[in-house]
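Undergrad: Following this message is one structure expressed as structure tokens.
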Amino acid sequence: MLDSFGQEVLNRAQSLELLGTAGLGRVVFTDRGMPAVQPVRFALDEHAVRFHVPSTSVLAAAARGNVLAFEADSLTPDLGEGWWVTVLGHANPHELTGGECVVRISLEVVAGRRLRVGQ
């Protein structure tokens, strides 16, 4: 199925499969009432996107009990082909030793698109 922009709409399974191939994504959160974006290295499990941040960071504070957005993509340099996946979910930071925490964003809403030459 194509969306109104002519891009292929991916189902949840396709989106999660592609998301699992990426290692870098972007977390979207609120900082002092304004939208903020932070790139992170991440891992995906069957229930959440996980990444590590300093426990004193703005992102760790923003994750406490809030809904965050996450996005990862892979696009060719000419932007002729590629995909992107977004996730919305409740965040849950868990403190680790050494001043670090792992943040989990649950996979509540998963949406993906694929762009191919000719679309």
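Undergrad: So what is the accessible area of the stretch 14-111 per residue, in Å², with the probe set to 1.4 Å?
TA: Accessible area per residue, the stretch 14-111: 56 Å².
Undergrad: Also, quick follow-up: Can you show me the helix-derived [θ] at 222 nm for the chain, built from DSSP H runs with n ≥ 4 at -39,500 (n - 2.57) apiece and divided by the number of residues, rounded to the nearest 500.
TA: -3000 deg cm²/dmol
Undergrad: If you filter the stretch 1-85 for chymotrypsin sites (Phe, Trp or Tyr not before Pro), then keep DSSP loop positions with at most 16 other Cβ within 10 Å, what is left? Could you put the intermediate results ahead of the total?
TA: Working: sites: Phe5, Phe29, Phe42, Phe51, Phe70, Trp83, Trp84; in loops: Phe5, Phe42.
Listed in order of number, the matching sites are Phe5.
Undergrad: On the accessible surface of the chain, probed at 1.4 Å, how many percent belong to carbon and sulfur atoms? Provide the component values of the computation, followed by the final result.
TA: Values: 3890 of 7010 Å².
With neighbouring chains kept in place, the figure for the chain is 56 percent.
Undergrad: Counting other C-beta atoms within 10 Å, and keeping those with at most 16, which DSSP coil GluC sites (Glu not before Pro) do you find in the stretch 9-91?
TA: Glu46, Glu81
Undergrad: Let me ask another. Could you tell me the convex hull volume per residue, in Å³, taken over the Cα atoms of the stretch 53-119?
TA: Values: hull volume 6.3 nm³, N = 67.
Dividing the Cα hull volume of the stretch 53-119 by its residues yields 93 Å³.
Undergrad: Using +1 at the C-beta of Lys and Arg and -1 at the C-beta of Asp and Glu, which of Pro77, Phe42, Asn66 has the Cα lying farthest in the positive direction of the dipole of the stretch 22-93?
TA: Farthest towards the positive end: Asn66.
Undergrad: Right, another one. Can you give the charge dipole size of the chain about its Cα centre, rounded to the nearest 20 debye, using +1 on the beta carbon of Lys and Arg and -1 on the beta carbon of Asp and Glu?
TA: Approximately 180 debye in magnitude.
Undergrad: Could you bin all the Cα-Cα distances of the chain into 5 Å bins starting at 0 and give me the percent of pairs in each, rounded to whole numbers?
TA: Calculated P(r), rounded to whole percents: 2, 12, 21, 22, 17, 12, 8, 4, 2, 0, 0.
Undergrad: Restricting to Cα pairs below 8 Å that are 6+ residues apart, what does the relative contact order work out to for the chain? Please round to a whole percent.
TA: 29 percent
Undergrad: Here's something else I'd like to know. What trypsin sites (Lys or Arg not before Pro) does the stretch 1-35 have in DSSP loop regions with at most 13 other beta carbons within 10 Å?
TA: The qualifying sites are Arg32.
The values are calculated or read from the model by the stated rules, or taken from the named source; none is laboratory data. Small disclaimer: the values here were computed from a predicted structure and weren't measured. Backbone-built Cβ (ideal geometry, glycine too); neighbour counts: all protein chains shown. Each accessible area value is taken on the protein alone, full model and side chains, heavy atoms only, with ligands, DNA and RNA left out. Shrake-Rupley method; radii C 1.70, N 1.55, O 1.52, S 1.80 Å.
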